[in-house]
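Engineer: Take this structure, written in structure tokens, and hold onto it; I'll ask about it next.
The values are calculated or read from the model by the stated rules, or taken from the named source; none is laboratory data. Quick caveat: nothing in here was measured; it's all calculated off a predicted structure. Virtual Cβ from ideal backbone geometry, glycine too; neighbours counted across all protein chains shown.
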Amino acid sequence: AALRVDVLTIFPEYLAPLGLSLIGRAREQGLLDVRVHDLREHAHDRHRTVDDTPYGGGAGMVMKPEPWGEALDALLASAGTPGSVPHLLVPTPSGRPFTQALARELATEPWLAVACGRYEGIDERVLEEAASRMPVTLVSLGDYVLNGGEVAALAMTEAVARLVPGVVGNAESLVEESHEDGLLEYPVYTKPPVWREREVPAVLRSGDHGAVARWRHQQRLERTAVRRPDLLHASAALPVLTGADGL
Ligand code: ADE
């Protein structure tokens, strides 16, 4: 497969959607190799305990280091090419923002792993030791708090996997998307031409391809200015704003 993704979690069922739709089909086609592992397989007491109280006190529980250490050992031992290591992603609200640019970087890698934490997080020594053995990136889906890393693992796997050649049928649909060039997408319409007294913009039915392209570009600029003015200040959008059309 072009991309292998291992997900380590105490809730393997949470990753079931990776068997569906485009990602499920890509797995069947051998383009993607997604493996979900139950962290509790590496907890050996009667209750298969994975968490404990925090040193220094405070609210909540912390994930114990031993199951994580063993799970990461097993992961490295499963390398297809001896000595190869995955790029380990650790979802956390204190991580690097996960963006389309990061998704593109990750899509060039052959092997990713996602360590899904729950509770107040994973014992810091796990991350330190992992970083001595493989590349580790802490990633945040956004400035809000989820209950654990599983939803982030789903989102990141989908965002990265769809950039792997062949996973998305129409490669053109990948470049004309929001966040690929720093502007939001233009509005889209299909038949019927009038629906509940609302008409499709005439320019789209004019057959004038140049006029359609100019209208769409203008829509992208206006939408971005209204909905996401922060994006207009990002460097990727500047060539668009200062380009040949003089805007
Ligand atoms: N885990 C909990 N909240 C998260 C977030 N916002 N992003 C990534 N992982 C998380």
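Engineer: Would you pick out the residues in the range 1-44 that are closer than 21 Å to residue 173 by Cβ, in contact with a strand residue (DSSP E or B) (Cβ under 8 Å, 6 or more places away or on another chain) and in a helix (DSSP H, G or I)?
Structural biologist: Of everything in the range 1-44, those that are closer than 21 Å to residue 173 by Cβ, in contact with a strand residue (DSSP E or B) (Cβ under 8 Å, 6 or more places away or on another chain) and in a helix (DSSP H, G or I) turn out to be 18, 23, 26, 27.
Engineer: Mind checking which residues of the range 149-166 are part of a loop (DSSP other than H, G, I, E, B) and under 15 Å from the mean Cα position of the chain (by Cα)? I'd like the intermediate steps shown before the answer.
Structural biologist: So in the range 149-166, the residues part of a loop (DSSP other than H, G, I, E, B) come out as 149, 162-166.
149, 162, 163, 164 - these are the residues of the range 149-166 that are part of a loop (DSSP other than H, G, I, E, B) and under 15 Å from the mean Cα position of the chain (by Cα).
Engineer: Another question, then. Go over the candidates 173, 140 one by one and state the one that is of a type in the set (S, T, N, Q) and surrounded by 16 or more Cβ atoms within 10 Å (Cβ to Cβ). Can you show your working first?
Structural biologist: On the way: 173 fails: surrounded by 16 or more Cβ atoms within 10 Å (Cβ to Cβ).
Unique residue meeting the criteria: 140.
Engineer: Name the residues in the range 127-160 that are of a type in the set (D, E, K, R), free of Cβ contacts under 8 Å to residues at least 60 places away in the same chain and within 12 Å of the ligand (Cβ to nearest atom), would you? Break it down stepwise before answering.
Structural biologist: Just the residues of the range 127-160 that are of a type in the set (D, E, K, R), to begin with: 128-129, 133, 143, 150, 158.
Still in the list and also free of Cβ contacts under 8 Å to residues at least 60 places away in the same chain: 128, 143.
Matches in the range 127-160: 143 only.
Engineer: Just the residues that are among the acidic types (Asp, Glu) and either more than 24 Å from residue 231 (Cβ to Cβ) or crowded, with 20+ Cβ neighbours inside 10 Å (or both), please, taken from the range 87-137. Talk me through it step by step, then tell me what you get.
Structural biologist: Here is the first cut: in the range 87-137, the residues among the acidic types (Asp, Glu) are 105, 109, 120, 123-124, 128-129.
Once the filter is applied, which keeps residues that are among the acidic types (Asp, Glu) and either more than 24 Å from residue 231 (Cβ to Cβ) or crowded, with 20+ Cβ neighbours inside 10 Å (or both), the range 87-137 yields 109, 120, 123, 124, 128, 129.
Engineer: State all residues of the range 90-111 that are in a strand (DSSP E or B) and touching a residue at least 60 places away in the same chain (Cβ under 8 Å); if no residue qualifies, say none.
Structural biologist: Correct list: 91, 111.
Engineer: Residue pairs, Cβ under 6 Å, 6 or more apart or interchain, first in the range 54-68 and in the same structural domain as residue 91 (by TED's automatic domain parsing), second in a helix (DSSP H, G or I). List them.
Structural biologist: 65/125; 65/126; 67/39; 67/42; 68/126
Engineer: Here's another thing I want to ask about it. Looking at the structure I just gave you, is residue 124 more than 16 Å from the ligand (Cβ to nearest atom) and assigned by TED's automatic domain parsing to the domain that holds residue 13?
Structural biologist: Details: more than 16 Å from the ligand (Cβ to nearest atom): no; assigned by TED's automatic domain parsing to the domain that holds residue 13: yes.
No, not satisfied.
Engineer: Follow-up. Tell me, please, whether a residue that is within 17 Å of the chain's Cα centre (by Cα), outside any strand (DSSP E or B) and not charged (D, E, K, R) can be found in the range 45-55. Step through it out loud before you land on a result.
Structural biologist: At the first step, the residues of the range 45-55 found to be within 17 Å of the chain's Cα centre (by Cα) are none.
No; the residues of the range 45-55 include none that is within 17 Å of the chain's Cα centre (by Cα), outside any strand (DSSP E or B) and not charged (D, E, K, R).
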